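Working notes, beginning with the structure itself.
The values are calculated or read from the model by the stated rules, or taken from the named source; none is laboratory data. Keep in mind the model is a prediction, meaning the values are calculated, not measured. Counting neighbours? That spans all protein chains shown, and the Cβs are built from the backbone with ideal geometry, glycine included. Each accessible area value is taken on the protein alone, full model and side chains, heavy atoms only, with ligands, DNA and RNA left out. Shrake-Rupley method; radii C 1.70, N 1.55, O 1.52, S 1.80 Å.
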Amino acid sequence: MKEFAYRRATEVRDALTLVAAGDGARYLGGGTNLVDLMKTGVEAPARLVDVRFLPLDGVREAADGGLVIGATTTNSDAAAHPEVRRRYPALSEAILAGASGQLRNMATVGGNLLQRTRCGYFADPSQACNKRVPGSGCAAIAGEHHNHAVLGWSRHCAATHASDMAVAMAAFDAVVHYETLDGPGELPLAEFYPPVGDTPDRETALPPGALITAIALPGSAVSPRSRYRKVRERASYAFATVSIAADLDVRTGSARIALGGVASRPWRARRAEAVLREGPLTADRFRAAADAELSAAEPLPGNGYKVTLARNLIVAVLTELADRAPA
Amino acid sequence: MTDDTHGEIVLRVNDVTHRLLVDNRTTLLDALREGIGHTGSKKGCDRGQCGACTVLCDGRRVVSCLTLAVAAEGAEITTIEGLAGDGELRPIQREFVRLDGFQCGYCTSGQLCSAVGMLAEHAAGWPSAVTADVSPDAPAPELDAAEVRERMSGNLCRCGAYPSIVRAVLSAAREEVAG
């Protein structure tokens with residue numbers, strides 16, 4: 001590991017200044033991903049600015065009936081919060097489906113959004129990876145890619161985003177709030193992760209040096225019956241093969257659907273949502289919605305199973321939501 | 001700090017204050033094992049994947065291999081060396097011994113610290129990924145084998161002592177939480 005300086009910030013402005021001042025300075029939250037990547041040399045910051053002592057912790061009420069989750073709130077605290085569980089159960093379920101009890105106690109929700117892909121080639125500095133070293137190529141597309149993207153990838157990178165939490169955030173139209181030395185800003189989650197294109201190294205739309213301060217869940221997205229379901233290669237403590245966060249209003253056909261494990265970002269299934277709005281909500285309609293979303297899929301030679309899996313998962317969860325709906 | 005990349009830190013471990021000169025790269029695990037001599041916390045993977053290094057930070061279980069020692073300054077750290085009272089095993093330790101909750105023992109200190117943290121989380125009403133209904137208005141999830149397996153999934157046991165670990169955790173649960 002490269003040597004680094006360590007500073008604790010207690011004011012947001014100090015944190016911003018400390019990161020702006022130094023080449024290669026990084027914010028440190030729980031460190032569950034960053035410290036791991038520093039050990040392998042994928043990350044080599046010259047300075048870490050510890051943000052866990054900033055006044056950004058906790059869940060508070062928003063004026064619109066939604067919730068605002070402070071950026072340094074741990075994954076555990078967010079998942080256990082009674083109002084998160086009551087209003088956005090799929091978010092609580094998504095967080096609980098990720099990592100382990102120990103890691104959720106450490107990881108922050110701001111850091112969760114910023115976690116890097118678990119592509120094995122990204123994690124290995126001896127391999128070609130356009131995300132880690134732009135222009136070096138992508139070893140995954142011709143290599144081991146059974147858990148890589150089937151939607152929205154490019155020939156430069158087929159890595160998936162690893163977060164479960166962000167999938168539920170995408171379904172709920174969460175808004176990321178951040179601070180910079182030039183003032184605050186916000187990004188809807190739909191715009192937070194740019195398309196891969198030819199810049200897989202550009203993973204978020206945050207301005208340089210920006211610090212995530214909170215994630216807002218809109219009151220209009222309160223979904224007490226929402227559901228997160230995750231398919232993985234073992235029963236617990238594994239990244240998603242394919243996952244889904246969903247809610248369905250059986251009276252109107254209004255749905256919120258986001259997929260995980262299929263793309264470089266949480267994949268909002270707007271095509272499927274559009275088909276559902278045309279109603280009626282029959283089994284055929286659910287299949288048509290899933291087919292509409294997956295019609296854009298472009299699987300690699302080794303991960304075509306994900307297309308079938310995603311289609312089946314959409315149908316299964318919509319069926320479950322319809323069956324559980326009050327008469 | 002002596003310079004930008006090294007410095008003296010103060011760690012509170014098992015109610016004792018330790019002053020250590022550390023390189024900022026030092027993990028809490030290495031500070032405990034090499035700096036303080038508490039070798040009960042084990043280095044399995046050193047990548048946050050196996051749980052053998054689990055300790056409690058301010059009462060919450062964390063992996064000490066991904067915690068920087070400098071970042072742990074100010075926290076109350078409890079390791080396996082501090083889990084028992086005055087020479088008497090606490091219930092979770094006693095039940096691991098009684099019910100063979102281990103074979104080689106390498107993962108055991110992490111399993112025990114994790115179990116203590118996990119039982120507190122369950123007692124606080126936290127749901128898990130196998131809890132049928134996470135709503136706060138639903139009944140709190142009863143601690144059964146499925147809940148224990150899910151909540152302890154961050155602790156690997158290469159000997160495969162899981163069935164006995166689950167039995168030991170369930171057997172100790174009520175006593176542990178009653179304290």
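Other chains near B:129-138: what is the mean number of their Cβ atoms within 10 Å of each residue's Cβ?
For this peptide, the per-residue mean of nearby foreign Cβ atoms is 6.
Among the lysines, select those whose C-alpha is under 24 Å from the C-alpha of A:Lys306, and discard any that sit fewer than 8 residues away in the same chain.
The reachable lysines, counting only those whose Cα sits under 24 Å from A:Lys306, are A:Lys131, A:Lys230.
So which GluC sites (Glu not before Pro) in the stretch B:102-166 are both in a DSSP loop and have at most 12 other Cβ atoms within 10 Å of their Cβ?
In loop regions of the stretch B:102-166 (DSSP not H, G, I, E or B), the sparsely surrounded GluC sites (Glu not before Pro) are B:Glu142.
Return the inverse of the average 1/r over all pairs of distinct C-alpha atoms in chain B, which is the Kirkwood hydrodynamic radius, in Å to one decimal.
Answer for chain B: a Kirkwood hydrodynamic radius of 16.9 Å.
Can you work out D for the stretch A:5-50 in µm² s⁻¹ from Stokes-Einstein, where Rh is the Kirkwood radius over C-alpha pairs, the temperature is 20 °C and the viscosity is 1.002 mPa s?
200 µm²/s
Provide the per residue accessible area, probe 1.4 Å, for the protein assembly as shown, rounded to a whole number of square angstrom.
Ligands and nucleic acids excluded, the result is 41 Å² per residue.
What lysines does B:Lys42 reach when the alpha-carbon gap must be under 27 Å and sequence neighbours fewer than 8 apart in one chain are set aside?
Those lysines meeting the cut-off are A:Lys2, A:Lys39.
Assuming 0.36 nm per residue, please report the length gained on full extension of the stretch B:Arg174 to B:Gln103 beyond their Cα-Cα distance.
Full extension from B:Arg174 to B:Gln103 adds 23.1 nm.
In deg cm²/dmol and to the nearest 500, what is the mean residue ellipticity at 222 nm of the protein assembly as shown if only DSSP H runs of at least 4 residues count, each as -39500 (n - 2.57), divided by the residue total?
That comes out to -8500 deg cm²/dmol.
Please report, largest first and rounded to whole Å, the three semi-axes of the ellipsoid equivalent to the stretch A:227-324, where each semi-axis is the square root of five times an eigenvalue of the C-alpha gyration tensor.
Semi-axes (√(5λ), whole Å): 22, 15, 11.
As a test of reading the structure, rank B:Ser153, A:Ser220 by solvent-accessible area (1.4 Å probe, protein chains only), most first.
Ranked list, largest accessible area first: A:Ser220, B:Ser153.
Would you mind giving the total buried accessible surface between chains A and B, with a 1.4 Å probe and ligands, DNA and RNA left out, rounded to the nearest 100 Å²?
3300 Å²
Determine ³J(HN,Hα), in whole Hz, for all residues of the stretch A:294-304 in sequence, where each value follows from phi through the Karplus function 6.51 cos²θ - 1.76 cosθ + 1.60 and θ = phi - 60°; x replaces Gly and Pro.
7, 5, 8, 5, 10, x, 7, x, x, 9, x
Need one word for the stretch B:65-104: rounded, prolate or oblate. Basis is the Cα gyration tensor (sqrt eigenvalues a ≥ b ≥ c); a/c below 1.5 gives rounded, then a/b vs b/c decides.
Oblate, since a/c reaches 1.5 and b/c is not below a/b.
Please list, in order along the stretch A:138-148, the HN-Hα scalar couplings obtained from phi with the Karplus expression 6.51 cos²θ - 1.76 cosθ + 1.60 (θ = phi - 60°), rounded to whole Hz, x for Gly and Pro.
So the Karplus estimates, Gly and Pro as x, are 10, 6, 6, 5, 8, x, 7, 9, 5, 10, 8 Hz.
Just the projected area, averaged over all directions, of the convex hull on the alpha carbon atoms of the protein assembly as shown: how many nm²?
23.6 nm²
Quick one: putting +1 on the C-beta of Lys and Arg, -1 on the C-beta of Asp and Glu, what dipole do you get for chain A around its Cα centre, in Debye to the nearest 20?
620 debye
So, taking all protein chains as they sit and a 1.4 Å probe, how much accessible area belongs to A:Arg265, in Å² rounded to tens?
Rounded to the nearest 10, that gives 60 Å².
On the accessible surface of the stretch A:67-130, probed at 1.4 Å, how many percent belong to carbon and sulfur atoms?
In the stretch A:67-130, the share of accessible area belonging to carbon and sulfur is 54 percent.
Roughly how compact is the stretch B:6-82, stated as its Cα Rg over 2.2 N^0.38 Å to two decimals?
Cα Rg divided by the expected 2.2 N^0.38 Å: 0.95.
Please work out whether the stretch A:75-171 counts as rounded, prolate or oblate from its C-alpha gyration tensor, where a ≥ b ≥ c are the square roots of the eigenvalues and a/c under 1.5 means rounded, while otherwise a/b larger than b/c means prolate and anything else oblate?
Since a/c reaches 1.5 and a/b is larger than b/c, the shape of the stretch A:75-171 is classed as prolate.
If ligands, DNA and RNA are left out, what is the accessible area of A:Leu18 with a 1.4 Å probe, given in Å² to the nearest 10?
Approximately 40 Å² for this residue.
Could you pull the accessible area for A:Met38 with a 1.4 Å probe, rounded to 10 Å²?
About 0 Å², rounded to the nearest 10.
Taking each residue in A:47-60, count the Cβ atoms of any other chain within 10 Å of its Cβ, then average. What number comes out?
Across A:47-60, the average partner-chain Cβ count within 10 Å equals 1.
If only Cα atoms are counted, what is the Rg of the stretch B:91-178, and what is its Dmax, in Å?
12.8, 43
Of the heavy-atom accessible surface of chain B (probe 1.4 angstrom), what whole percent is carbon and sulfur?
49 percent
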